[in-house]
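Chemist: Below: one structure in structure tokens.
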């Protein structure tokens, strides 16, 4: 299946900004993240099609995944 | 702070207080036993117990003390243990009943360490001096010495200029000073305390830190206290291997990692918030009203780096390089003059929220606010209101008629305000909007201007006791977790959110500390002081201190109607933000009911204990 992955802030500096890639059908968000190579501890916010999602959620063909780092005040 | 036992009752721990009567010029010292764990931890946990004993109806009155203290871990080898706290009744935070609210502001730099190393845990300035003075704290042969000296020579100088002038006079000291804003306290209620850093003293560059919130610098100005000098030899204790482990925990926890430079695998500091919040069109633009466009992206880090040299630096002996200092580039590509320090708050509040999107212009406004010694949040948010008003009333604009993006006109307003020439802005957005009769888009809660997180995303602001994101850790909850239910918000406010204030007791940086966890804080306390304080006791003490602050608000006349958000949030939700618009009047009413049903019985129960402690004292 084809999934578009968008990365933000420090993640886009270190990996890429936006790419559409092939992933095995039934992949979870965690498997998508693992295939890209982003350590889980670096993820703060994860979205599928604009809605908050957990790493256990299954991604579907055509989905847009957004991955963001931890954010904090100050 | 000295302790007699490591398995301790709070009364076996004592702290050293100096009381300076500025009117009489007298100085007295006391060694006091701690009444409770809040006293032991320090910061606002202790100072609010003093404020609670006072009847203060006007922040600018002799009865209002200015309390300068440190936290238990200030001046220890625990990383980020640098904090100094300034507490008083605030000229800015005021109830509709006309009473000032109790406030504290926290700042880093090396001043707090020096204060502690000179032998003091707390300074209380009573009354006011009839002439400008500076207080010099130094180590004497038999303990700390505090003297008052004339400070006329410092008047009119910027905060940084005052610091450098004092540095020439006291080369081994650190400083807490006010800028021109604090000197003009009658018309500027948002004066900050400007604190020196080692980087500043060594480089001569204006790299001060600020205890900004609530106008503590204006209270100093009222007292005619222009500067405080803390002079001491460096007494940083040796770092044991156990302390190294603690500091490794501090530096590697998730809370710290996001502040480290991107080049070190970190998140690049609070600057990263812009990109993440912009993904939801939730970055404040034109007075907290995102337009749904990409204007903000010009302030993204990579865009700024095309024009400027960005260099990450850290506080004294801190391994977390969270200061993103922005320097001009010289003609040959080298590092030139320091432009400004970029943090999320000033970057947005002097940038997109004023309709200013050019990095060079934003830097200039941040820099100007810093030099004049004003709280960036209060000033930026009040200015945004003025620009908004002027856009709504082109036929009769305020002041110089500045509108969004009018850089030169905005700059002129900052200059004028900081020098005391614009009381409309200098007294904050609550007063200005009430005078004008247009309060719906005045971005404050209980008289304290909102930080750079949309109120549309954070009903937790209602229960912050000393600044929206400084004293209630819920400002990212919607973006982070998508929480929109009353249950979810009530739980966050009454459990984890309020714990944000704990770091303003113990002396650690709160934004780093939030990721540490209380287990590590407990270890840090044990290693630095020998005191065994279980994590659950720390959490309980923080909760009591927060509730004392909330009780003090109620005592100072903050009414039920003041526990709310700016009405624009409920009446006119912004369609451009892609996060859910979930805050309605009904939501707020239900949330308040749930939160008060938790807090009020606890406050009632604690009042008995507080009465007992105060009668014993």
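The values are calculated or read from the model by the stated rules, or taken from the named source; none is laboratory data. Here the structure is a predicted model, which is why all the values come from computation and not from measurement. No Cβ is skipped: glycine too gets one built from the backbone with ideal geometry, and neighbour counts run over all protein chains shown.
Chemist: Can you tell me which residue among B:360, B:402, B:376 is closer than 18 Å to residue B:181 by Cβ and either crowded, with 21+ Cβ neighbours inside 10 Å or at pLDDT below 95 (or both)?
Modeler: B:376
Chemist: Of all the residues that make up segment B:92-106, how many are assigned to a strand (DSSP E or B) and surrounded by fewer than 24 Cβ atoms within 10 Å (Cβ to Cβ)? Can you show your working first?
Modeler: Looking only at segment B:92-106, we keep the residues that are assigned to a strand (DSSP E or B), and these are B:92-94, B:100-106.
Still in the running and surrounded by fewer than 24 Cβ atoms within 10 Å (Cβ to Cβ): none.
Residues in segment B:92-106 being assigned to a strand (DSSP E or B) and surrounded by fewer than 24 Cβ atoms within 10 Å (Cβ to Cβ): 0 in total.
Chemist: Okay, moving on. Taking the options A:60, A:30, A:47, name whichever one is more than 14 Å from chain B (Cβ to nearest Cβ) and under 11 Å from the mean Cα position of the chain (by Cα).
Modeler: A:30
Chemist: Could you list all residues from segment B:500-538 that are within 14 Å of another protein chain (Cβ to nearest Cβ) and not in a helix (DSSP H, G or I)?
Modeler: Passing the criteria: B:508, B:509, B:514, B:515, B:516.
Chemist: All but one of (1) in contact with a strand residue (DSSP E or B) (Cβ under 6 Å, 6 or more places away or on another chain); (2) over 25 Å from residue B:527 (Cβ atoms); (3) more than 8 Å from chain A (Cβ to nearest Cβ) hold for residue B:263, so report the exception by its number.
Modeler: Every condition holds for residue B:263 apart from (1).
Chemist: Somewhere in segment B:290-305, is a residue facing another protein chain (nearest Cβ under 9 Å) and outside any loop (DSSP other than H, G, I, E, B)? Give the steps one after another, and end with the answer.
Modeler: Filtering segment B:290-305 for residues facing another protein chain (nearest Cβ under 9 Å) gives B:300-302.
Then keep just the ones that are outside any loop (DSSP other than H, G, I, E, B); that gives B:301-302.
Within segment B:290-305, one or more residues are facing another protein chain (nearest Cβ under 9 Å) and outside any loop (DSSP other than H, G, I, E, B).
Chemist: Out of curiosity, is residue B:602 without any contact (Cβ under 8 Å) to a residue 24 or more places away in the chain and more than 20 Å from residue B:451 (Cβ to Cβ)? Full working, then the answer.
Modeler: Working: without any contact (Cβ under 8 Å) to a residue 24 or more places away in the chain: no; more than 20 Å from residue B:451 (Cβ to Cβ): yes.
Considered against the rule, which asks whether it is without any contact (Cβ under 8 Å) to a residue 24 or more places away in the chain and more than 20 Å from residue B:451 (Cβ to Cβ), residue B:602 comes out as no.
Chemist: Please give the helices (runs of 4 or more DSSP H) falling wholly within segment B:420-492 in which 2 or more residues are under 24 Å from residue B:343 (Cα atoms) and within 14 Å of chain A (Cβ to nearest Cβ).
Modeler: Hits in segment B:420-492: B:477-481.
Chemist: Another question about this same structure. Of the residues that make up segment B:343-357, is at least one more than 9 Å from chain A (Cβ to nearest Cβ) and surrounded by fewer than 20 Cβ atoms within 10 Å (Cβ to Cβ)? It would help to see each step written out before you state the result.
Modeler: The first filter runs over segment B:343-357 and keeps only residues more than 9 Å from chain A (Cβ to nearest Cβ), leaving B:346-357.
Pick out the ones that are also surrounded by fewer than 20 Cβ atoms within 10 Å (Cβ to Cβ) and you get B:357.
Checked segment B:343-357: at least one residue is more than 9 Å from chain A (Cβ to nearest Cβ) and surrounded by fewer than 20 Cβ atoms within 10 Å (Cβ to Cβ).
Chemist: Please go through (1) within 29 Å of residue B:108 (Cα to Cα); (2) away from every other protein chain (no Cβ under 12 Å); (3) in a loop (DSSP other than H, G, I, E, B) for residue B:270 and return the number of the only condition it doesn't satisfy.
Modeler: (2)
Chemist: Then there is this: Determine which member of the set B:282, B:312 is touching a strand residue (DSSP E or B) at 6+ places or on another chain (Cβ under 7 Å) and within 14 Å of chain A (Cβ to nearest Cβ). Give the derivation first.
Modeler: Values: B:282 fails: touching a strand residue (DSSP E or B) at 6+ places or on another chain (Cβ under 7 Å).
Going through B:282, B:312 in turn, the sole match is B:312.
Chemist: In addition: Which count do you get for residues in segment B:328-368 that are part of a strand (DSSP E or B), over 13 Å from residue B:304 (Cβ atoms) and touching a helix residue (DSSP H, G or I) at 6+ places or on another chain (Cβ under 7 Å)?
Modeler: Total meeting the criteria: 0.
Chemist: Can you tell me which residue in segment A:33-44 is surrounded by the fewest Cβ atoms within 10 Å (Cβ to Cβ), limited to those that are away from chain B (no Cβ under 12 Å) and touching a residue at least 12 places away in the same chain (Cβ under 8 Å)? Explain how you work it out, then say what you get.
Modeler: Within segment A:33-44, the subset away from chain B (no Cβ under 12 Å) is A:33-37.
Right, trim to touching a residue at least 12 places away in the same chain (Cβ under 8 Å) and you get A:33, A:35-37.
Values: A:33: 20, A:35: 15, A:36: 17, A:37: 8.
If we take residues in segment A:33-44 being away from chain B (no Cβ under 12 Å) and touching a residue at least 12 places away in the same chain (Cβ under 8 Å), then A:37 is surrounded by the fewest Cβ atoms within 10 Å (Cβ to Cβ).
Chemist: Shifting gears a bit: Residue B:150 passes all but one of (1) out of contact with any helix residue (DSSP H, G or I) (no Cβ under 6 Å at 6 or more places or on another chain); (2) farther than 22 Å from residue B:118 by Cβ; (3) modelled with pLDDT of 95 or more; which number fails?
Modeler: (2)
The rows are residues; the columns are (1) surrounded by fewer than 22 Cβ atoms within 10 Å (Cβ to Cβ); (2) under 19 Å from the mean Cα position of the chain (by Cα); (3) farther than 20 Å from residue B:248 by Cα.
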{"residue": "B:503", "(1), (2), (3)": "no, yes, no"}
{"residue": "B:509", "(1), (2), (3)": "no, yes, no"}
{"residue": "B:517", "(1), (2), (3)": "yes, no, no"}
{"residue": "B:524", "(1), (2), (3)": "no, no, no"}
{"residue": "B:530", "(1), (2), (3)": "yes, no, no"}
{"residue": "B:535", "(1), (2), (3)": "yes, no, no"}
{"residue": "B:542", "(1), (2), (3)": "no, yes, yes"}
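Chemist: When segment B:20-41 is examined, which residues are found to be crowded, with 21+ Cβ neighbours inside 10 Å and out of contact with any helix residue (DSSP H, G or I) (no Cβ under 6 Å at 6 or more places or on another chain)?
Modeler: B:20, B:22
Chemist: If residue B:583 passes every condition in (1) in a helix (DSSP H, G or I); (2) under 18 Å from residue B:439 (Cβ atoms) but one, which one does it miss?
Modeler: Exception for residue B:583: condition (1).
Chemist: Is at least one residue of segment A:16-27 more than 10 Å from every other protein chain (Cβ to nearest Cβ), closer than 30 Å to residue B:320 by Cα, touching a residue at least 12 places away in the same chain (Cβ under 8 Å) and surrounded by 13 or more Cβ atoms within 10 Å (Cβ to Cβ)?
Modeler: No: zero hits.
Chemist: Something else: Restrict the check to segment B:214-232 and report whether at least one residue is in contact with a helix residue (DSSP H, G or I) (Cβ under 7 Å, 6 or more places away or on another chain), within 14 Å of chain A (Cβ to nearest Cβ) and closer than 26 Å to residue B:565 by Cβ.
Modeler: No, segment B:214-232 has no match at all.
Chemist: While we're here: Would you confirm, using the coordinates I've provided, whether residue A:5 is away from chain B (no Cβ under 13 Å), in contact with a strand residue (DSSP E or B) (Cβ under 7 Å, 6 or more places away or on another chain) and surrounded by 16 or more Cβ atoms within 10 Å (Cβ to Cβ)? Let's see the steps before the verdict.
Modeler: Numbers: away from chain B (no Cβ under 13 Å): yes; in contact with a strand residue (DSSP E or B) (Cβ under 7 Å, 6 or more places away or on another chain): yes; surrounded by 16 or more Cβ atoms within 10 Å (Cβ to Cβ): yes.
The answer is yes for residue A:5.
Chemist: Name the single residue that is farthest from the chain's Cα centre (by Cα) among those in segment B:128-144 being in a loop (DSSP other than H, G, I, E, B) and crowded, with 20+ Cβ neighbours inside 10 Å.
Modeler: In this case the residue turns out to be B:129.
Chemist: Okay, next question. What number of residues within segment B:107-125 satisfy the criterion of being under 21 Å from residue B:179 (Cα atoms) and part of a strand (DSSP E or B)?
Modeler: 4
Chemist: So residue B:549 fits all but one of (1) surrounded by 13 or more Cβ atoms within 10 Å (Cβ to Cβ); (2) out of contact with any strand residue (DSSP E or B) (no Cβ under 8 Å at 6 or more places or on another chain); what number is the exception?
Modeler: It fails just one condition, (2).
Chemist: Hey, another quick one. Against the definition (surrounded by fewer than 19 Cβ atoms within 10 Å (Cβ to Cβ) and away from chain A (no Cβ under 14 Å)), how does residue B:170 come out, yes or no?
Modeler: So residue B:170 fits the description; yes.
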